[in-house]
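Comments concern the structure below.
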Amino acid sequence: MNTAQLKIASWSLAGLFGVALGGYVSNYLVNRAELQKRVTAAEVQASLSKVAPVEKRAEDIVAYDRVNQALFKFNWTGKPPPPKPVETRVEEPTKPGTEPVSNFVRVMMVKADLTDDSGSRVVIKYLAPAKVTIPSPTVVKHVGDTLDAPLDWITVASIVADGAYFKFADANRAEEKLIPNELPYRLDMDALARDGVTMSRPEEVTFRRTATYDVPPKNTVNLGGDYYHIGTDDMDYWNESYEQALSEVEFDRHRDPSTGKYDGIKLKNVPAGSVAAAHGAKEGDVIKSINGHAVNSPQEAISFAKNNKDKYDVWVVEVDSKGKTKFITYKVPKKN
């Protein structure tokens, strides 16, 4: 477009705008009185009431479910999705364990009656992997007894002189035998020797908690840790003067702080050099059980020991020492 044409177009638009403006002004002047007339609210309402309502068409509104189905689930057929299959869980039967008994149980001692199984017993201690929840981890079992849950798939099959056999819920599984732990030490004619002590006639011997000896020591000997061999002289002293031996030690009943119930015997004072100290007693220890039998008072412990002194060759005392459980084992001299 050249300059002349642009000028003609501009003048034409200006002329049209002028004509339109002139018409608007002329119309206003002619109808000024009517336009300036005030309209009442009643007249506005009457005018609006004459307007026909807008017809609402249902097809203009789309349900959200259909939008969700088409845009998000991409199901453009409009058909509902097929129902999800119901999952049915089949509970598998609980299978008895296959791990060795030794992973769960330690044999502390055995007493075998070869003439009558009812007279045999085994003292066992449950280890942490057993996950057995009973007051004391040390218990006494007889032939035919099952172990405590969750080890109730294990049964004491038989008890022999040097250990116990265990059988399982799986009849095809072979029985397993556990024996008490072995402790090596040196035996002389008159006394047991600790390592580093020269004896006149030492002899290598294996100490088994169920074993007996032809030549026991005269004085109690600590075999290392919490294992003791009671001397014959000390045994006689205990039998004849146990009240005097006990008088050297202060003790009292112990309460479980969480339940308030009596659960053992607390040693309050154990003098150095006393008979009790020589046998492993320590101040602050709490005696919980003797050979698996819970004791809650000194009188109960004394009564149990006196009533069973001819039954056991080994005594296993469970002790709570500063919050940790330990077992003190005593081998008594062979009876003549």
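When residues in region 126-157 are screened for being touching a Lys or Arg at 6+ places or on another chain (Cβ under 9 Å) and polar (S, T, N, Q), 3 of them pass.
Here's a check for you: in region 134-156, which residue that is among the small types (Gly, Ala, Ser) and at pLDDT 90 or above is farthest from Glu176 (Cα to Cα)?
Ala149
One residue is enough: does region 257-268 have a residue meeting the conditions modelled with pLDDT of 80 or more, touching a helix residue (DSSP H, G or I) at 6+ places or on another chain (Cβ under 9 Å) and either of a type in the set (Asp, Glu) or outside the structural domain of Lys111 (by TED's automatic domain parsing) (or both)? Scanning region 257-268 turns up at least one residue that is modelled with pLDDT of 80 or more, touching a helix residue (DSSP H, G or I) at 6+ places or on another chain (Cβ under 9 Å) and either of a type in the set (Asp, Glu) or outside the structural domain of Lys111 (by TED's automatic domain parsing) (or both). In region 79-108, the residue that is modelled with the highest pLDDT out of those that are crowded, with 16+ Cβ neighbours inside 10 Å and part of a loop (DSSP other than H, G, I, E, B) is Phe104.
Please identify the pairs in which a residue from region 262-281 that is closer than 13 Å to Asp226 by Cα has its Cβ atom under 8 Å from the Cβ atom of a residue that is in a loop (DSSP other than H, G, I, E, B) and of a type outside the set (Ser, Thr, Tyr), counting only partners at least 6 apart or on another chain. Final answer for the pair search is Ala277/Val270; Ala277/Pro271; His279/Ile230; Gly280/Asp226; Ala281/Val249; Ala281/Val270.
Taking region 115-171 as the range and being of a type in the set (Gly, Ala, Ser) and within 19 Å of Lys326 (Cβ to Cβ) as the test, the residues that pass are Ala128, Ala130, Ser136. Would you call Asp170 at pLDDT 80 or above, outside any strand (DSSP E or B) and either in the same structural domain as Thr133 (by TED's automatic domain parsing) or of a type in the set (Asp, Glu) (or both)? It is true that Asp170 is at pLDDT 80 or above, outside any strand (DSSP E or B) and either in the same structural domain as Thr133 (by TED's automatic domain parsing) or of a type in the set (Asp, Glu) (or both). Residue count for region 234-256 satisfying the condition of being at pLDDT 85 or above and surrounded by 14 or more Cβ atoms within 10 Å (Cβ to Cβ): 3.
Identify, please: which residue in region 125-152 is free of Cβ contacts under 8 Å to residues at least 40 places away in the same chain and of a type in the set (Val, Ile, Thr) and is, among those, nearest to Tyr312 (Cα to Cα)?
This residue is Val143.
For region 252-295, residues that are at negative phi and more than 27 Å from the chain's Cα centre (by Cα) total 19. Considering the conditions (1) touching a residue at least 60 places away in the same chain (Cβ under 8 Å); (2) surrounded by fewer than 16 Cβ atoms within 10 Å (Cβ to Cβ), Asn308 is excluded by exactly one of them, (1).
Comparison of Ala281, Ala277 shows that the only residue that is of a type in the set (A, V, I, L, M), under 17 Å from Phe327 (Cβ atoms), surrounded by 15 or more Cβ atoms within 10 Å (Cβ to Cβ) and not assigned by TED's automatic domain parsing to the domain that holds Gly119 is Ala281. When the test is whether a residue is in contact with a strand residue (DSSP E or B) (Cβ under 6 Å, 6 or more places away or on another chain), modelled with pLDDT under 80 and surrounded by 10 or more Cβ atoms within 10 Å (Cβ to Cβ), Lys111 passes it.
If you filter region 313-336 down to residues that are more than 26 Å from the chain's Cα centre (by Cα) and more than 20 Å from Asn222 (Cβ to Cβ), you find that the one that is modelled with the lowest pLDDT is Asn336.
The values are calculated or read from the model by the stated rules, or taken from the named source; none is laboratory data. What you are looking at is a predicted structure, and each value in this text was computed from that prediction instead of being measured. Don't worry about glycine lacking a Cβ; one is built from the backbone with ideal geometry, like all the others, and counts go over all protein chains shown.
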